[in-house]
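Structure record follows, encoded as structure tokens.
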């Protein structure tokens, strides 16, 4: 239908992770709703594999593994580990039974086929070493990379190489610092109602950008915005609780309400 396979695979990966997150977390109180969300994840999971995108599948598996981190109650943690295991098994089953996806993974494993990305990465490393500080400037580096790989105009297919070739260390450093702040925000936001979902999405996007350049894709900026908003909401909730606790401690008559608020 004209959609980019890697972009579609990334979108389906985030969809599956969100449905699994709703089923694992405490956002939904109804057990049947949680089970329904997990069951609904099978459809976009199958669509993700059918795109044949190796980078999308690997990014999904890396991101969904974050749900198995030792965080939260023991009961919910066992549910998370079980959901991650089922997701991995389902992906493996669909890949094995899909000729296109299986053949692409086999070519990568046995022949080292990376859709010509290995040549791009070698040329990108040479260009970065030649101009490490200021880079080759926007657009110019695309033509230079194309000429070195016997093409006319080509993308780096890697966000981090893209940043270093375009603006060098001077231009890439602020962007990478921003990504680091997003990682911190995602870790802080794990205490919000979405749980580990913001961190799962961010890890998935970071892995996706190792085989593609998503800087101009709205999906990357949506994930960044979600992480920052979740962190702000979490910190706001903590400040509100601190104010309530201080108010109670300052009024002896209201100290009886403290155990209720702590629950």
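Here are the numbers:
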read-out	value
Nearest 10 degrees, 0 to 90: helix 99-111 Cα axis against the chain principal axis	70
Approximate spin-label separation residue 102-residue 42, in nm, with each point projected 7 Å along Cα-to-Cβ	2.0
Fewest-first ranking of 12, 40, using other Cβ atoms within 10 Å as the exposure measure	40, 12
Hydrodynamic radius (Kirkwood) for the chain, which is based on Cα pairs only, to one decimal in Å	20.7
Residue order, fewest to most beta carbons within 10 Å, for 78, 215	78, 215
Prolate/oblate/rounded call for the range 67-135, Cα gyration tensor, a/c under 1.5 rounded	oblate
Acute angle (nearest 10 degrees) that the helix 31-40 long axis makes with the longest principal axis of the chain, alpha-carbon atoms	0
Ratio of the Cα radius of gyration of the range 190-241 to 2.2 N^0.38 Å, where N counts its residues	1.29
Angle between the chain longest axis and helix 117-130 axis [Cα atoms, degrees, rounded to 10]	90
For the range 1-113, alpha-carbon Rg and Dmax in angstrom	14.8, 49
FRET efficiency, 1/(1 + (r/R0)^6) with R0 22 Å, evaluated for residue 85 and residue 215 via beta carbons	0.05
Expected 222 nm ellipticity per residue - DSSP helices of 4 or more, -39500 (n - 2.57), all of the chain, to 500	-24000 deg cm²/dmol
Cα gyration tensor shape of the range 94-206, rounded if a/c is under 1.5, else prolate or oblate by comparing a/b with b/c	oblate
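Rule-based calculations on the coordinates, nothing more; no lab input. Not measured: the values here are computed from a predicted model. Methodologically, a virtual Cβ is constructed for each residue, glycine included, from the backbone with ideal geometry; neighbour enumeration extends over all protein chains shown.
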